[in-house]
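Participant: The structure is given below, and queries will be raised subsequently.
The values are calculated or read from the model by the stated rules, or taken from the named source; none is laboratory data. Quick caveat: nothing in here was measured; it's all calculated off a predicted structure. Counting neighbours? That spans all protein chains shown, and the Cβs are built from the backbone with ideal geometry, glycine included.
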Amino acid sequence: MKILLANPRGFCAGVYMAIDVVDQLIDLCPNEVIYVFHEIVHNRHVVERFQKRGVKFVESIDEVPDAAIVVFSAHGVSPAIRKEAKAKRLATIDATCPLVTKVHAEAIRFARKGYQILLVGHRLHQEVVGTLGEAPEVMQVVESPADISKLVITDPDKLIYLTQTTLSLDDASIIIKALKDAFPNIKDPPASDICYATTNRQMAVRAIAPECDLVLVVGSANSSNSVRLTEISMNLGTPARLIDDRSEMDPSWFVGVKTLLVTAGASAPEDLVHDLIEDLVRTFGAEVEQHDVCHEEVEFGLPGTLKTMMRARGVDPAGRRIVRGDEGSRLREWFSQHNIPFRTVDLTVQGTAIQN
Ligand code: SF4
């Protein structure tokens, strides 16, 4: 078997930042319970690892004791949640991805300018719930072209659409085209709301999946961008499986598979990919090639709320910048220790990577 390993895959800058926020808080406040509102990122392993370190995940602000520390997850929250947290005098640390915050800011800005806003996304996804909460009186969610006939539009010339950051580019473009057919004067967002990480991971699957017999996506079922990667592959005609980790692999999937693509959603830790690759190589004697479709350089700084807390506790936030680890090194080391060749194929085309 030949395994093609997609690059980019796995953690994005927003996920690195959100996970680092909780890590830093555990370090900064060793004797306090850290509460996180919703899963910090949509990955079962990330959540379970933090739970083992004492972090408590809550679905309601009511579950957090007064004056405790609460982290808002990477998906963002509505102003109503911020208000509830304030009423309980919670110390709030905001790990919302800056690219989600950007969509919130657009919603606020265009609502103030008198626009009605159509938010393209999944109604129950926490990111959509949070964004919708910025201006619920002028926003409506569009999940599919079928929703368009149900919209209540007061002025079709004062209309804008925004999108969830983790949509499939293909699905979004079908919905946006239908919106433009129905409302020719609808305004585009100032810049694409679908983030660079979603775009690049989808681009890699689109480029590599057609030459494969099967695609494995490492990620959790509630991770929007991971689910989209499996859908894209299946739309291209290549079967795809979404798995949380190697324990979910079923040997029957690999019968007749000569070329396998492995990728991971933006919230899936790289060590899970490594474990899976090691298992596959041991079982099938597979050879591995990493296909670099683009390189990402995006990094986010620590949120201001965390820096303020650090200063208040006598810790200088300078030098606590989030650093992306060299995720590929463990895998390369493992291959070299086992004398197995590991090739990297450069498929990058200058200017294709989206860096937001
Ligand atoms: S997937 Fe995109 S929007 Fe979501 S956390 Fe990552 S960079 Fe931010």
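Residues checked against (1) buried (at least 23 other Cβ atoms within 10 Å of the Cβ); (2) in contact with a strand residue (DSSP E or B) (Cβ under 8 Å, 6 or more places away or on another chain):
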{"residue": "Arg206", "(1), (2)": "no, no"}
{"residue": "Val227", "(1), (2)": "no, yes"}
{"residue": "Leu242", "(1), (2)": "no, yes"}
{"residue": "Trp253", "(1), (2)": "no, yes"}
{"residue": "Leu261", "(1), (2)": "yes, yes"}
{"residue": "Asp271", "(1), (2)": "no, no"}
{"residue": "Val281", "(1), (2)": "no, yes"}
{"residue": "Phe284", "(1), (2)": "no, no"}
{"residue": "His291", "(1), (2)": "no, yes"}
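Participant: Take Val217 and tell me if it is outside any helix (DSSP H, G or I) and either away from the ligand (no atom under 16 Å from the Cβ) or at pLDDT below 95 (or both).
Facilitator: Here the answer is no, as Val217 does not meet what is asked.
Participant: Could you list all residues from region 84-137 that are more than 17 Å from Leu167 (Cβ to Cβ), surrounded by fewer than 21 Cβ atoms within 10 Å (Cβ to Cβ) and within 16 Å of the ligand (Cβ to nearest atom)?
Facilitator: Within region 84-137, Asp94, Pro98, Thr101, Ala105 meet the criteria.
Participant: Kindly list, by first and then second residue, each pair from a residue in region 170-199 that is acidic (Asp, Glu) to a residue that is surrounded by fewer than 20 Cβ atoms within 10 Å (Cβ to Cβ) and not in a helix (DSSP H, G or I), limited to pairs with Cβ atoms under 9 Å and residues at least 6 apart or on different chains.
Facilitator: Going by the 9 Å Cβ cut-off, the qualifying pairs are Asp171/Ser144.
Participant: Answer yes or no as to whether Ser60 is under 24 Å from Lys307 (Cβ atoms) and either more than 15 Å from the ligand (Cβ to nearest atom) or small (Gly, Ala, Ser) (or both).
Facilitator: On the way: under 24 Å from Lys307 (Cβ atoms): no; either more than 15 Å from the ligand (Cβ to nearest atom) or small (Gly, Ala, Ser) (or both): yes.
Criteria not met by Ser60.
Participant: Is there any pair linking a residue in region 300-316 that is in contact (Cβ under 8 Å) with a residue 24 or more places away in the chain to one that is among the hydroxyl-bearing types (Ser, Thr, Tyr) and surrounded by 13 or more Cβ atoms within 10 Å (Cβ to Cβ), with Cβ under 8 Å and at least six apart or on different chains, and which?
Facilitator: So the pair list comes out as Phe300/Tyr16; Pro303/Thr96; Thr305/Thr92.
Participant: Those residues that are of a type in the set (Lys, Arg) and without any contact (Cβ under 8 Å) to a residue 12 or more places away in the chain, I need them from region 114-154; list them, please. Write out each step before concluding.
Facilitator: Restricting attention to region 114-154, the residues satisfying the condition of being of a type in the set (Lys, Arg) are 123, 150.
The answer is Lys150, and nothing else.
Table: residues versus (1) over 21 Å from Cys195 (Cβ atoms); (2) modelled with pLDDT under 95; (3) in contact with a Leu (Cβ under 7 Å, 6 or more places away or on another chain); (4) within 16 Å of the ligand (Cβ to nearest atom).
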residue	(1), (2), (3), (4)
Ser247	yes, no, no, no
Glu278	yes, yes, no, no
Thr283	yes, yes, no, no
Glu287	yes, yes, no, no
Val298	no, yes, no, yes
Gly301	no, yes, no, yes
Thr308	yes, no, no, no
Arg343	yes, yes, no, no
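Participant: Next up: Can you tell me which residue among Gly256, Gly237 is part of a loop (DSSP other than H, G, I, E, B), in contact (Cβ under 8 Å) with a residue 40 or more places away in the chain and over 26 Å from Lys102 (Cα atoms)?
Facilitator: Criteria check complete, one pass: Gly256.
Participant: Exactly one condition in (1) modelled with pLDDT under 95; (2) hydroxyl-bearing (Ser, Thr, Tyr); (3) more than 24 Å from the chain's Cα centre (by Cα) is not met by Ser149; state its number.
Facilitator: With respect to (1) modelled with pLDDT under 95; (2) hydroxyl-bearing (Ser, Thr, Tyr); (3) more than 24 Å from the chain's Cα centre (by Cα), Ser149 is out only on (1).
Participant: In addition: Taking region 9-57, which residues are charged (D, E, K, R) and either away from the ligand (no atom under 13 Å from the Cβ) or assigned to a helix (DSSP H, G or I) (or both)?
Facilitator: Asp20, Asp23, Asp27, Glu32, Arg44, Glu48, Arg49, Lys52, Arg53, Lys56
Participant: Now for a different question. Out of Ala135, Ala80, Ala85, Ala67, which single residue is outside any helix (DSSP H, G or I) and not assigned by TED's automatic domain parsing to the domain that holds Asp170?
Facilitator: Residue meeting the stated conditions: Ala67.
Participant: Have a look at Pro239, Pro269 and point out the one that is of a type outside the set (Phe, Trp, Tyr) and farther than 24 Å from Gly14 by Cα.
Facilitator: Numbers: Pro269 fails: farther than 24 Å from Gly14 by Cα.
It is Pro239.
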